[in-house]
Amino acid sequence: MTKIINGKEFAAKLRALTLKEIEVSGLKPGLAVVLVGNDPASEVYVRNKDAAAREVGIAAETIKLAADISQAELLAKIAELNKDKKIHGILVQLPLPKHIDEKAVINAIDPDKDVDGFHVINAGRAFTGQAGLVPCTPLGCILLLKDLLGDLSGMNAVVIGRSNIVGKPMANLLLAENCTVTIAHSKTRDLPGVCAQADILVAAVGRPKMVKANWVKEGAVVIDVGINRVDGKLCGDVDFDEVAPKCRAITPVPGGVGPMTIACLLKNTLDAARRLRK
Ligand code: NAD
């Protein structure tokens, strides 16, 4: 029987734990969510993050800035938040308008307040096995995998996708768990053959239902990070109906990885507050 991994339930438990830990810690973590412009999808994401933070006792503040803000003005705002002792987490909602250099903005955030884990210092810390803030989506995936499998040592893991936000940090986390990791991408030869070697297969591509049953080893665990909209309905990068019967376990879309991302953002904000107190 295939286990359908319930990310919604796991995320609810993680949020409850974060709330409890915040209460016990006596900390008042503060999260600043910076939204530039008025992209409707970004507005929804920011609203959800703000609301979820408040529910666990994080003092969330959404800072809305005009779409035509200059890079210098945005950097000045970040510098102000870096200095603000009440703020422990800073998140800049991406994408930013085209005239702004996203990398420069992310790298202007104090790395210890970088709750998205995108700062080059946090990427470097993760790469060299030092403690730091880890990107929320891959963190959510690894928590689901460890909950399901316990020890991941020696497993063959294949990650499809090499973005800085999902694919690369995901591969790094799997490596830290002693998996043998392959990163596959748009130029990989024989992608189905590479994927068929995986005990753990993570799909983070953004192509609806790309991963088919013949790409998946019998008894593999499949984590579907993809979020795609087809005919108004959400689906992942994995052809769930075809693939699920072959798997030991699989995340659905929606209700799998998605809810873990915000829950991990809250966890990161608490972790940042703890680190900053030290
Ligand atoms: P991205 O576009 O930055 O990266 C996609 C990666 O897929 C690239 O590295 C590319 O090499 C690879 N790729 C593209 N076409 C390919 C192909 N035909 N074969 C193999 N590899 C191919 O995307 P991203 O930001 O990493 O996001 C990936 C997906 O995950 C998207 O659907 C996104 O919406 C979703 N996502 C979900 C969450 C969540 O909370 N669940 C968070 C972030 C991203």
What do you reckon, is VAL181 among the hydrophobic types (A, V, I, L, M, F, W, C), assigned to a strand (DSSP E or B) and in contact (Cβ under 8 Å) with a residue 40 or more places away in the chain?
-> no
With criteria (1) surrounded by 14 or more Cβ atoms within 10 Å (Cβ to Cβ); (2) within 16 Å of LEU265 (Cβ to Cβ); (3) of a type outside the set (Val, Ile, Thr), LYS77 comes up short on (2)
Given (1) farther than 21 Å from LEU17 by Cα; (2) within 16 Å of the ligand (Cβ to nearest atom), number of the condition ASP116 does not satisfy = (1)
Just to be sure, is LYS77 of a type in the set (Lys, Arg) and without any contact (Cβ under 8 Å) to a residue 40 or more places away in the chain?
-> no
Residues being more than 10 Å from the ligand (Cβ to nearest atom), in contact with a strand residue (DSSP E or B) (Cβ under 8 Å, 6 or more places away or on another chain) and of a type outside the set (Asp, Glu) - total across the stretch 176-201 = 8
Tell me, please, whether a residue that is farther than 30 Å from LYS83 by Cβ, buried (at least 19 other Cβ atoms within 10 Å of the Cβ), at pLDDT 95 or above and not aromatic (Phe, Trp, Tyr) can be found in the stretch 268-277.
-> no
Within the stretch 242-257, identify whether any single residue is surrounded by 18 or more Cβ atoms within 10 Å (Cβ to Cβ) and within 30 Å of PRO111 (Cα to Cα), and answer yes or no.
-> yes
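The values are calculated or read from the model by the stated rules, or taken from the named source; none is laboratory data. If you're wondering where the values come from, they're calculated on a predicted model, not measured in any experiment. All Cβ positions, glycine included, derive from the backbone under ideal geometry; neighbour counts span all protein chains shown.
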